[in-house]
Amino acid sequence: MKLVKVLMVVVTLAVSDQAFSHGGGHDPISEQQAVGIAKYVAVKLAEEDRGMGFGKLDESWKALPEEKVGISKSGPGYYVVALEHEEEGRTLYILMSETGSVYDANFTREFKGIE
């Protein structure tokens, strides 16, 4: 079921630069699961440009060490996961719902509606 959810996220991302979302009604995920989803999204963003405004990520994003990926911020109903790439000197931030729907990704950590 998790694989299906993640694949839904990727398919949606392929057709929308606004969101990586899928239908709701699911149980909340843990922080560890949010980190896993974010790592998977980074791999997909390294495979091709998904229209997020920053182009295709370098292949090295596929092999980020576990200690460089974690929850940057969380609040009611959402997680922001940070993926730090020391060699590039930048951090990718991925916004997702508490159920694992990924909505956006950027290098600024600024997302509309999230303070």
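Every read-out reported here was derived from the displayed coordinates using simple, explicitly stated rules and does not represent laboratory data. In this text, all values refer to a predicted model and were calculated from it rather than measured experimentally. Cβ: placed from backbone, ideal geometry, glycine included. Neighbour counts: every protein chain shown.
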The stretch 71-86 - phi-based ³J(HN,Hα) in whole Hz, Karplus 6.51/-1.76/1.60, Gly and Pro as x: 6, 8, 7, 8, x, x, x, 8, 10, 10, 9, 9, 10, 8, 10, 4
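Just order 90-100, 73-83, 48-58 by mean Cβ neighbour count inside 10 Å, highest at the front, would you? Don't jump to the answer; show the numbers that get you there.
Working: 90-100: 20.8, 73-83: 16.5, 48-58: 14.6.
Answer by packing, highest mean first, reads 90-100, 73-83, 48-58.
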Hz values of 3J(HN,Hα) by residue in the stretch 41-51 - Karplus curve (6.51, -1.76, 1.60), Gly and Pro given as x: 4, 4, 4, 5, 6, 7, 7, 6, 6, 9, x
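Which FRET efficiency value, to the nearest 0.05, do you get for Asp49 and Lys73 by plugging their Cβ-Cβ distance into 1/(1 + (r/R0)^6) with R0 = 35 Å?
Values: r = 26 Å, r/R0 = 0.74.
After rounding to 0.05, the efficiency reads 0.85.
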